[in-house]
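None of the figures in this text is laboratory data; all of them are computed from the coordinates on show. Quantities reported herein were computed from a predicted structural model and do not represent experimental measurements. Reconstructed Cβ throughout: ideal geometry from the backbone, glycine too, with neighbour counts over all protein chains shown.
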């Protein structure tokens, strides 16, 4: 017979186990893994653009004007718009994804000299501002409910991106009311598994100011703002999760992922020279559950082949799993016409033609090779989360090298610190990290004179400095000065033995070269107190 003591301990254990889990059908996190009803859930997330439109005197959320035939909407009734979106959702499921990240609700605008806050609304193919007030908030949340219902019918979960913060107090008041209405409306809807409260603060935390001049935000200030969002979630949407879409490791200068009270860290990583390294850094130095919510490789089957894009997807998925990540997100659904190559061709569906999804459904557009990769990928470790070939010199720069040491206030080395250097005109920046001994080597093709340094959980230093290089740069014939990372092609660095097999197998001897060198005095960072 079981002892009373054992039965009591078992009952307490079961009680606390149940207390720590979300209600039935909701996503929760247990030991850095997303779960639903005791089953592992690995988000395979497609970023999907939406637009607020007026159709039949109602406000609806439709597919982006860029989708199907770019620059024009293909549906002219509410039913047609719904069925176009349904066809897209079925295509997303067919490509092996199980969730969508909604892009479009976050674009609230405000008039700096007045009190009006609006969102972009389409009437026909033209754009007009929709004033955000109690009436429009109700209409927009109704429209969002219809979209979420449709996603649920197609077995897709949803992560909406919410409007970003700005300094204007009138905007903040309206934004908080809008966000609160969304959280309250969907608090019992498990189709929404998480909210993204801020997309890429690195780029958009300063965007309401002329020339982005006003901030930086302090780490403690960012923490306090996120703590308010955490409290807002606790009040209005306690069953769902929340995160922030961080752009890259230099977010640590202000939006430090180590200290932010998010449920999980999400980040965006692009370009084969950077992706493996940034995944490694987040995995090793941020002690929170994490996932990649944006990644991709642009492919037009000319500059970059569809085959390489497919290889990229497979290798990044495996890297995330091997490094302990909890999910992957792809940017985005269909090719667009935004201008830059790296934005236009990252999606998995190219413009033109038609593709059958099932016997009753078709989409405008044709699948690229990578569209058939995700269903073949298993969440199963297949290797180590190793330090990649170009981790300390991600972009393969080879003119200048700056050597330095980062320590704490006890003179102990800080591993994983992030060092950023810019050239004189702030047109080219480059990053590196410290090793286990706190030592770094910052490689660049331009002379760095502006610097910013921090580490997860530590203070930040920022300064301008002209260093003395040996030999003097004027005596050298330096190559590729001004080479910005978007124009730095990963194919230049590939080992010829792996071309067509990998987009991450780089020649090891291309990342330790420099023509001239300088030494930076030891930098001390303080532990943060919140």
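With a ≥ b ≥ c taken as the square roots of the eigenvalues of the C-alpha gyration tensor of the range 481-530, please select rounded if a/c is under 1.5 and otherwise prolate if a/b is larger than b/c or oblate if it is not? Verdict is prolate for the range 481-530. When you count the other C-beta atoms within 10 angstrom of each residue and take the mean per peptide, 220-232, 57-69 line up highest first as 57-69, 220-232. Using a cutoff of 8 angstrom between alpha carbon atoms and counting only pairs six or more residues apart, the relative contact order for the range 368-438 works out to 27 percent. Counted residue by residue at 0.36 nm each, then reduced by the alpha carbon distance between them, the extension gain from residue 435 to residue 231 reaches 69.8 nm. Each of 448, 323, 387 was scored by other Cβ atoms within 10 Å of its Cβ. Listed from fewest to most, they are 387, 323, 448. For the range 70-101, backbone nitrogen atoms closer than 17 Å to the point 7 Å from residue 141 Cα along Cα-to-C-beta are found at no residue.
Taking the fewest neighbouring Cβ atoms within 10 Å as the starting point, the ordered list for 357, 349 is 357, 349. Taking the fewest neighbouring Cβ atoms within 10 Å as the starting point, the ordered list for 292, 321 is 321, 292. Between residue 79 and residue 307, the simple spin-label model (points 7 angstrom out along Cα→Cβ) gives 4.7 nm.
Model label sites at residue 380 and residue 498, defined 7 Å from Cα along the beta-carbon direction, differ in position by 2.2 nm. Once Rg and the Kirkwood radius are both taken over the C-alpha atoms of the chain, their ratio Rg/Rh works out to 0.98. Its residues counted as N, the range 438-522 yields a C-alpha radius of gyration over 2.2 N^0.38 Å of 1.37. Helical content alone sets the calculated 222 nm signal of the chain at -7500 deg cm²/dmol, taking -39,500 (n - 2.57) per DSSP H segment of four or more residues and averaging over every residue. Here the extension length gained between residue 361 and residue 284 equals 23.3 nm, from 0.36 nm per residue of separation less the Cα-Cα distance.
Figure legend: label point modelled 7 angstrom from the Cα of residue 176 along Cα→Cβ; residues of the range 231-269 with amide N under 16 Å from it are 231-237. Please label the shape of the range 371-530 as rounded, prolate or oblate, based on the square roots a ≥ b ≥ c of the eigenvalues of the alpha-carbon gyration tensor (a/c under 1.5 means rounded; beyond that, a/b larger than b/c means prolate, else oblate). Since a/c reaches 1.5 but b/c is at least a/b, the shape of the range 371-530 is classed as oblate. Extension gain for residue 203 to residue 33 (0.36 nm times residue separation, less C-alpha to C-alpha distance): 58.3 nm.
To the nearest ten degrees, helix 134-153 and the longest principal axis of the Cα atoms of the chain are 90 degrees apart.
Taking every DSSP beta bridge that has both ends in the chain, the antiparallel portion is near 60%.
The calculated FRET efficiency for residue 300 paired with residue 123, based on their beta-carbon distance and R0 = 30 Å, is about 0.35. Angle between the Cα long axis of helix 78-94 and the longest principal axis of the chain, 0 to 90 degrees, nearest 10? Compared with the principal axis, the helix lies near 50 degrees. Annotation for residue 476 and residue 489: the two label points, set 7 Å from Cα along the Cα-Cβ direction, are 2.5 nm apart.
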